[in-house]
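**Student:** The structure follows.
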Amino acid sequence: MLFVIFCLDRPEHEAVRLQHYEAHKAYLANASHKTIMSGPLVTDDDKTMIGSFFLVEAEDRQALERFVANDPFNQANIWRQIEIRAFRKRVG
């Protein structure tokens with residue numbers, strides 16, 4: 001099943017995000033689910049990272065919830081809002 005994980009950062013947390021970026025990447029590399037695509041959400045001028053987006057394939061929503069809870073970005077209190085939603089692909 002596909003899921004979208006949508007996370008918004010706390011305001012003015014880009015520097016903190018960058019401090020934890022390598023740990024975040026290493027954590028994602030060891031995920032038990034399949035990441036279809038992921039990357040930072042940015043401001044409209046494409047200059048400031050303001051969150052994270054993931055499209056993943058996983059069998060278990062609860063496992064994704066645990067995965068997100070343990071992400072270094074979440075552990076560092078960077079994300080102020082996290083949404084995990086099931087997704088049905090129609091186009092593309």
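Values quoted throughout were computed directly from the atomic coordinates according to the rules given, and no laboratory measurement underlies them. What you see is a predicted model, and the numbers here were worked out from it, not measured in a lab. Note that each Cβ is placed from the backbone with ideal geometry, even for glycine, and that neighbours are counted across all protein chains shown.
**Student:** How would you rank Met1, Met37, going from fewest to most other Cβ atoms within 10 Å of each one's own Cβ?
**Tutor:** Details: Met1 12, Met37 8.
Exposure proxy ranking, most exposed first: Met37, Met1.
**Student:** Still on this structure, I have one more. Distance in nm between label sites at Lys25 and Arg85, each 7 Å beyond Cα in the beta-carbon direction?
**Tutor:** Once both label points are built, they end up 2.9 nm from each other.
**Student:** While we're looking at this one, here's another question. Around Ile50, which amide H atoms from residues at least 5 apart in sequence, or from another chain, sit under 5 Å from its own amide H, with H modelled in the peptide plane?
**Tutor:** Leu41, Val42, Thr43
**Student:** Please enumerate, by chain and number, the aspartates and glutamates with C-alpha under 17 Å from the C-alpha of Lys25, excluding those fewer than 8 residues away in the same chain.
**Tutor:** Asp9, Glu14, Asp71
**Student:** Sticking with this structure for a sec: Return Val42, Val68 ranked ascending by Cβ neighbour count within 10 Å, so the fewest neighbours appear first. Numbers along the way, then the final one.
**Tutor:** Working: Val42 13, Val68 18.
Going from least to most buried by this count: Val42, Val68.
**Student:** Is the shape of region 10-84 best called rounded, prolate or oblate, per the rule: a/c under 1.5 gives rounded, else a/b larger than b/c gives prolate, else oblate, with a ≥ b ≥ c the square roots of the Cα gyration tensor eigenvalues?
**Tutor:** On the way: a/c = 1.81, a/b = 1.57, b/c = 1.15.
Here region 10-84 falls in the prolate category.
**Student:** Still on this structure: Order of Asp45, Asp60 from fewest to most other C-beta atoms within 10 Å? Could you put the intermediate results ahead of the total?
**Tutor:** Details: Asp45 6, Asp60 13.
Fewest-to-most Cβ neighbours within 10 Å comes out as Asp45, Asp60.
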